[in-house]
Amino acid sequence: MLSILIPTYNHTCYQLVESLHQQAESLHIDYEIIVAEDGSRDQVSKVANLKIRELSHCRYIRREENVGRARIRNFLASQAKYDWLLFIDSDMIVRSNDYIKLYVGIITANDASDCYYGGYRVGEEALKINPFLTQNLRYRYETSYPVNSNATLRNANPAQYVHTSNLLVRKSVLQKCPFDERFVRYGFEDVLLGIDLVRQGYELSHVDNPLSFEMFESNEAFLSKTEEALRTLHDFQNELEGFSPLLSFAERIKVVEPLLRSLFQLIKTPLRNHLKGKTPSLLIFKVYKLLYFLALN
């Protein structure tokens, strides 16, 4: 029935696996959980994740080479033995007691769709523990996009809002339309998967079955991750054309692009310092992303 696939890199995900294991066991279904370390170097997390092997129907695979987000997911799919694959990011948290049950209901109902994205919520529990999260750039960014937790909004443009954080897909479909392994750096490999699925005529649906996102890196780390994603977007802009608002806006202002690139060289450091600070502005973050992207040309 269901293969739950979790790639991880320098992260302890035993508690996530344990939560999924408990839910699947209670449903008495055919399932497996496979976790693959993608060349992790953090010894603490690697030792902690060894406990996964003690759980029934669970596999923990250590891979010494980091092969990137697309290739590790294709590898996990190749290891799966069931007809449906559920990809989950290792930093997600299960908050619903019926998370697996809802997906099992979809599978057994023989719905026409080939792929489902369940979304995610920005964890309120994290804010209760750390009220200073309101100063965190990642937290501010995530909470500014309600589309992530609203299937109705996502279904208005299904291909644009596909993320591997919580993705259910038929194995037969992914075998014909795998993740593009040219994507090695962070970002957009899941968006292109959604685009390819739709272009090849597969049915893609969004449902409200969210996981919880509650881990927020420092402002500087998130900024560096964003820059990496922008470099990915630049490299694959032809493939992603029409599915990125930033790409569309950059095309509309092409006439002033040289001027903006020159401006960015003057203000890059002050903008970056602001975004790394205690009161990062989302407006400045959007401006920085645009200017950084234009500077790559």
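The values are calculated or read from the model by the stated rules, or taken from the named source; none is laboratory data. All values reported here derive from a predicted model rather than from experimental measurement. So basically every Cβ, Gly included, is an ideal-geometry build from the backbone, and we count neighbours across all protein chains shown. The area values use the complete protein model at the heavy-atom level, side chains included, leaving out ligands, DNA and RNA. Shrake-Rupley method; radii C 1.70, N 1.55, O 1.52, S 1.80 Å.
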Hey, what do the phi angles of region 107-117 turn into as Karplus ³J(HN,Hα) couplings, whole Hz, using 6.51/-1.76/1.60 and θ = phi - 60°, x for Gly and Pro? 5, 6, 7, 6, 5, 6, 6, 9, 8, 9, 10
Which net charge results when you count Lys and Arg as +1 and Asp and Glu as -1 among the other residues whose beta-carbon is under 13 Å from that of residue 22? -2
One computes Rg over Rh for region 182-297 from alpha-carbon atoms, with the Kirkwood Rh, and obtains 1.01
Accessible carbon and sulfur surface of region 31-117 relative to its total accessible area, %, 1.4 Å: 45
Report in % the part of the accessible area of region 213-264 that belongs to carbon and sulfur, leaving out ligands and nucleic acids; probe 1.4 Å. 57
Heavy-atom surface of region 89-173, accessible at 1.4 Å and reported per residue (Å²): 47
Pairs 225/289; 225/278; 101/176: which exceed 23 Å Cα-Cα? 101/176
Taking the solvent-accessible surface of protein heavy atoms with a 1.4 Å probe, what is the per residue accessible area of region 191-284 in Å²? 53
Peptides 114-127, 265-278 ordered by average Cβ neighbours within 10 Å, highest first: 114-127, 265-278
Can you list the equivalent-ellipsoid semi-axes of the chain, largest first and in whole Å, using the square root of 5 times each Cα gyration tensor eigenvalue? 33, 22, 18
Rg to Rh quotient for region 190-239, alpha carbon positions, Kirkwood Rh: 1.09
Loop-resident sites, region 176-235, for chymotrypsin sites (Phe, Trp or Tyr not before Pro), counting at most 11 other Cβ within 10 Å (DSSP): none
Sites matching GluC sites (Glu not before Pro) across region 9-105 that sit in DSSP coil, with at most 12 neighbouring C-beta atoms within 10 Å: 64, 65
Simple spin-label estimate for residue 283/residue 266, 7 Å along Cα→Cβ, in nm, reads 2.0
Fully extended contour minus Cα-Cα distance, from residue 145 to residue 297, at 0.36 nm per residue: 51.9 nm
Shape of region 1-140, Cα gyration tensor, a/c cut at 1.5: oblate
